[in-house]
Amino acid sequence: MNIFSKLKLFFYKPSTIFVLKTLFYLIVLLSLLWFYGFKNPNSTNFVYNEF
């Protein structure tokens, strides 16, 4: 058994797929929170301030 077949068997395990998907979605969520979390909600003009 060469290393590629061992890696293929490792990545086809349901537990490995679950862990990798969880890490991927956690990274996406944290990056979105980091990207949009630094905006100050009081800095934008509210549309009804003039009324």
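In segment 12-29, which residues are of a type in the set (A, V, I, L, M, F, W, C) and open to solvent by less than 100 Å² (accessible area, probe 1.4 Å)? I'd like the intermediate steps shown before the answer.
Taking segment 12-29 and keeping what is of a type in the set (A, V, I, L, M, F, W, C), we get 17-20, 23-24, 26-29.
Answer for segment 12-29, where residues must be of a type in the set (A, V, I, L, M, F, W, C) and open to solvent by less than 100 Å² (accessible area, probe 1.4 Å): 17, 19, 20, 23, 26, 28, 29.
Kindly establish whether residue 9 is assigned to a helix (DSSP H, G or I), modelled with pLDDT under 90, open to solvent by 90 Å² or more (accessible area, probe 1.4 Å) and not β-branched (Val, Ile, Thr).
no
The values are calculated or read from the model by the stated rules, or taken from the named source; none is laboratory data. What you are looking at is a predicted structure, and each value in this text was computed from that prediction instead of being measured. Ligands, DNA and RNA are excluded from the accessible area calculation, which covers all protein heavy atoms including side chains. Shrake-Rupley method; radii C 1.70, N 1.55, O 1.52, S 1.80 Å.
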